[in-house]
Amino acid sequence: MAHRWKNTFTHADVTPEPLWLNRRAILAGMAGAGALGGVGSVAAQEALEPNTWEQITTYNNFYEFGTGKSDPSDNAGDMVTDPWEITIDGMVDNPGTFSLAELVDGMTMEERLYRFRCVEAWAMVVPWNGFELADLLNRAGIQDGATHVAFETAVLPDVMPGVRRNVIEFPYVEGLRLDEAVHPLTIMATGIYDRPLANQSGAPIRLVVPWKYGFKSIKSIVKITVTNEQPPTTWNKINAREYGFYSNVNPQVDHPRWSQASHRVIGGGLFNSREDTLMFNGYPEVASLYEGMDLRENY
Ligand SMILES: Nc1nc2c(c(=O)[nH]1)N[C@H]1C(S)=C(S)[C@@H](COP(=O)(O)O)O[C@H]1N2
Ligand SMILES: [Mo]
């Protein structure tokens, strides 16, 4: 595989983690300022305190491996992620099935330090490595008339106990409107802390949409389909009243069974564990995507 961290040492190998993080956070902020035209998230990014690798990889949702928070880290070790193939199809000029290396080849790898907010009202901050989904879709060649992008996770019953027990319907599927998919904040992540994704984090490649509830960020992707219909999404199929297609983080629209106004910070400790939830999870630059829409109706 052509991952740049393979066979090379990174800052992380030679610099104590906290120092490295501060430096990288500032660099990521500067890169973001260039790419996004100096939007408000830059200052916010510098203030973010990332969770540790340990926290990020031991408290997970990945129902293919079970519904408990430690099931993914306990059970995902046997998933083989190399070789891995991803199919890009639907309304694109250049459909095909690609190895991960082919898919990633030529993409601009960046670090993105993002807030991550689960609909269950817990949150982390994760230093992802990845590339903009827009770059991949542009290379695939989006055809006229396309409106949405659909994603699908691998189904590997031999190594996925949650799939064997049918804990929900698989494959796990997700989708975005095309303008959401090509927004510069939307990335395909292949790593965290300059290490390849752990299997429980969605290896070898997953979606990350930081202004939406975590379940939109589908893991271990094997298929990306450009379409002219709003695609079905797993949690919406399970309970449409509780989980909408958009699922933008919104502290003013509560889940039918709990408040979304605040969340628990994973690793925050006993006295520092709750925080107010921000509109669009603190990414106001996406607001223009939803101009004129009733965000209560389009939850
Ligand atoms: N394929 C798949 N993707 C998934 C899930 C899942 O169960 N299966 N869970 C989602 C949910 S609910 C959340 S909160 C995030 C969790 O990502 P993390 O474990 O890396 O924090 O993954 C999302 N992506
Ligand atoms: Mo979630």
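The values are calculated or read from the model by the stated rules, or taken from the named source; none is laboratory data. Just so you know, these numbers come straight off a predicted model, no measurement behind them. We place every Cβ from the backbone using ideal geometry, glycine too, and count neighbours over all the protein chains shown.
If you check GLY145, GLY90, GLY96 for being without any contact (Cβ under 8 Å) to a residue 12 or more places away in the chain and not aromatic (Phe, Trp, Tyr), only one passes: GLY96. Considered as a group, the residues in region 101-129 that are of a type in the set (A, V, I, L, M, F, W, C) and within 17 Å of THR58 (Cβ to Cβ) include one that is farthest from the chain's Cα centre (by Cα), and that residue is TRP122. On the stretch given as region 126-164, residues that are surrounded by fewer than 20 Cβ atoms within 10 Å (Cβ to Cβ) and within 13 Å of ligand 1 (Cβ to nearest atom) total 3. Of the residues LEU270, LEU207, LEU278, which is at pLDDT 95 or above, more than 15 Å from ligand 2 (Cβ to nearest atom) and either surrounded by fewer than 19 Cβ atoms within 10 Å (Cβ to Cβ) or under 30 Å from ASP89 (Cβ atoms) (or both)? So the residue among LEU270, LEU207, LEU278 that is at pLDDT 95 or above, more than 15 Å from ligand 2 (Cβ to nearest atom) and either surrounded by fewer than 19 Cβ atoms within 10 Å (Cβ to Cβ) or under 30 Å from ASP89 (Cβ atoms) (or both) is LEU278.
Every listed requirement among (1) at pLDDT 95 or above; (2) surrounded by 15 or more Cβ atoms within 10 Å (Cβ to Cβ) is met by GLU49 save one, (2). Within region 187-207, residues that are more than 16 Å from TRP84 (Cα to Cα) and near ligand 1 (Cβ under 9 Å from one of its atoms) have Cβ atoms under 9 Å from residues that are part of a loop (DSSP other than H, G, I, E, B) and small (Gly, Ala, Ser) in these pairs: ILE192/ALA198, counting only partners at least 6 apart in sequence or on another chain.
Test GLY214 against the stated conditions and say whether it is within 13 Å of ligand 2 (Cβ to nearest atom), surrounded by fewer than 23 Cβ atoms within 10 Å (Cβ to Cβ) and under 19 Å from LEU113 (Cβ atoms). Walk me through it before giving the result.
Working: within 13 Å of ligand 2 (Cβ to nearest atom): yes; surrounded by fewer than 23 Cβ atoms within 10 Å (Cβ to Cβ): yes; under 19 Å from LEU113 (Cβ atoms): yes.
Answer is yes for this residue.
Could you please let me know if GLY292 is closer than 21 Å to MET124 by Cβ, more than 21 Å from the chain's Cα centre (by Cα) and free of Cβ contacts under 8 Å to residues at least 12 places away in the same chain? Talk me through it step by step, then tell me what you get.
Working: closer than 21 Å to MET124 by Cβ: no; more than 21 Å from the chain's Cα centre (by Cα): yes; free of Cβ contacts under 8 Å to residues at least 12 places away in the same chain: yes.
Considered against the rule, which asks whether it is closer than 21 Å to MET124 by Cβ, more than 21 Å from the chain's Cα centre (by Cα) and free of Cβ contacts under 8 Å to residues at least 12 places away in the same chain, GLY292 comes out as no.
Applying the criterion of being touching a Leu at 6+ places or on another chain (Cβ under 8 Å) and surrounded by fewer than 21 Cβ atoms within 10 Å (Cβ to Cβ) to the residues of region 98-111, the residue that is nearest to PRO50 (Cα to Cα) is GLU111.
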